[in-house]
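The block underneath contains the structure these notes are about, expressed in structure tokens.
The values are calculated or read from the model by the stated rules, or taken from the named source; none is laboratory data. Please read these numbers as outputs of a predicted model, since none were measured by experiment. Cβ placement follows ideal geometry from the backbone for every residue including glycine, while neighbour counts extend to all protein chains displayed. The protein model used for the area step is the full one, side chains on, heavy atoms only, and it has no ligands, DNA or RNA in it. Shrake-Rupley method; radii C 1.70, N 1.55, O 1.52, S 1.80 Å.
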Amino acid sequence: MQTTPDETLIGEIRIGNEAVFETVFRQYYAPLCRYARPMLGDIDEAEEVVQAIFLTVWERRESLLITTSLKAYLYRAVHNRCLNRLNQQSVQAGHRQQAADELYSNPPSPTQDLMADELSTRLQQAMGRLPEQCRRAFELSRFDELSYKEIADRLGIATKTVENQIGKALRILRTELSDYLPLLLLLAWGTGA
């Protein structure tokens, strides 16, 4: 039985042939970005999605199971990742709106204001203990609301490094602020009914 060119490419990627993977990346990267951009409305987000797909393919190459053409697999993976991203954005927007509605209908009490100030102080202290690059990436993501690609460009590092640094910051902050979880819940949902 004769193998198709796609089966050959997939087989080479599975065994870790970086040259073949790079060829596939170069062939499909730009078209996949053009495909994702209209769905996400932003070229940086489209590039992040496509890069994440290729990263996943490479990281999971040994167990890669593609039953369609390589092209169809990549386009379907990008399509699904875009839908997930849009769904996540929709959920986040809903949470932000719910929090804003809650704040408007139940303004914080003086006690909640005091607790929020204490939490803010503790957060600043915890952030001050983060490694410099980790702290900077986290601040640009959370406070300046930059995409990973924008942060990578600004800091002169790889997008994957930004992702790793922000993940590290979140793990450290979660540990540092674990005693304040009840306070966060109290501030998020208020004390009154």
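Kindly establish whether Asn84 is open to solvent by 80 Å² or more (accessible area, probe 1.4 Å) and modelled with pLDDT of 85 or more.
yes
Select from region 40-74 the residues that are part of a helix (DSSP H, G or I), closer than 23 Å to Ser90 by Cβ and open to solvent by 50 Å² or more (accessible area, probe 1.4 Å) and list them in ascending order. I'd like the intermediate steps shown before the answer.
Narrowing region 40-74 to residues part of a helix (DSSP H, G or I): 40, 43-59, 61-63, 70-74.
Of the ones still in play, those that are also closer than 23 Å to Ser90 by Cβ are 40, 43-53, 56.
Passing the criteria: Ile43, Gln51.
On the basis of being crowded, with 16+ Cβ neighbours inside 10 Å, among the hydroxyl-bearing types (Ser, Thr, Tyr) and touching a residue at least 40 places away in the same chain (Cβ under 8 Å), does Tyr29 make the cut?
Answer is no for this residue.
Leu9 - would you say it is touching a Leu at 6+ places or on another chain (Cβ under 9 Å), in contact (Cβ under 8 Å) with a residue 12 or more places away in the chain, surrounded by 11 or more Cβ atoms within 10 Å (Cβ to Cβ) and in a helix (DSSP H, G or I)?
Answer is yes for this residue.
Name the single residue that is modelled with the lowest pLDDT among those in region 107-129 being charged (D, E, K, R) and assigned to a helix (DSSP H, G or I).
First, pick out the residues of region 107-129 that are charged (D, E, K, R): 113, 117-118, 122, 129.
When the remaining residues are screened for being assigned to a helix (DSSP H, G or I), the result is 113, 117-118, 122.
On the way: Asp113: 65, Asp117: 73, Glu118: 73, Arg122: 78.
Per the stated criteria, the residue is Asp113.
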